[in-house]
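Only the coordinates and a few stated rules stand behind these numbers; no lab work does. The shown structure was predicted, so the numbers you read here are calculated from the model rather than taken from an experiment. Here Cβ is always computed from backbone atoms with ideal geometry, including for glycine, and neighbour counts include all displayed protein chains.
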Amino acid sequence: MQLIKYFILFLILILATMIGRFLSKKYVYRLEELEDIKNALNILKSKIKFTYEPIPEIFEEISKTSSRNISELFKTAKIKMNDLTANEAWEEAVGESQNNLKKEDKDVLKTLSKLLGQTDVEGQISQIEITENFLESKIQEAIEEKKKNEKLYTRLGTIMGLAIVIILC
């Protein structure tokens, strides 16, 4: 009977530690996604500037080279462009995207929709560059949050697990 009790307490400790690690990974994933979006926007800018491909084709190509969540964002925007303009499709795709980005990050991405597909090449490139600059500040913010909170949540999970084990003993 004692053995079962210790085994359950051990499982509680492991579970609490894993929950803490799961919560800490949210900060890592957000940073990775912001960097992926910045790279995707760089590709978008280059394609608009040099190849003059239509935006849906560019989005399709970006969706094939990006990570999973970012790929879904560009794929959704491309699909929505069948019925909507490029700027409306992008704004809706960003709003519906299921990823680790915060609301402020999504708001920064929505600023891209203002001129997307509506102005000349230079206007679109300047809007992409503005969005990239905003993203860079969000990336720096995400780096700081990751440094501060990743260890915090990992240790907090372990400490909470230990506290529950001590209380139940």
Around I128: net Lys/Arg minus Asp/Glu count, Cβ-Cβ under 12 Å: +2
All lysines inside 24 Å of K147 as judged from Cα atoms, apart from same-chain residues fewer than 8 positions distant: K25, K26, K38, K102, K103, K106, K138
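When the helix-only estimate is applied to the chain (DSSP H runs of n ≥ 4, each -39,500 (n - 2.57), divided by the residue count), what is the mean residue ellipticity at 222 nm, nearest 500 deg cm²/dmol?
Mean residue ellipticity, 222 nm, calculated: -29000 deg cm²/dmol.
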Estimated dipole of the chain in Debye, rounded to 20 [Cβ of Lys and Arg +1, of Asp and Glu -1, Cα centre]: 1100 debye
Among L15, N149, T131 - extreme Cα towards positive end, dipole of the chain, charges at beta-carbon: L15
Difference of contour (0.36 nm per residue) and Cα-Cα distance, K106 to S67: 12.3 nm
Gain on full stretching of the segment that runs from V28 to Q98 - 0.36 nm per residue minus C-alpha separation: 23.6 nm
Ellipsoid semi-axes in whole angstrom, largest first, where each is sqrt(5λ) of the Cα gyration tensor of the chain: 44, 16, 11
Inter-probe distance in nm under a simple model that places probes 7 Å from Cα toward Cβ, at N39 and Y6: 4.8 nm
³J(HN,Hα), Karplus 6.51/-1.76/1.60, whole Hz, each residue of segment 33-40, x for Gly, Pro: 5, 4, 5, 5, 5, 4, 5, 5
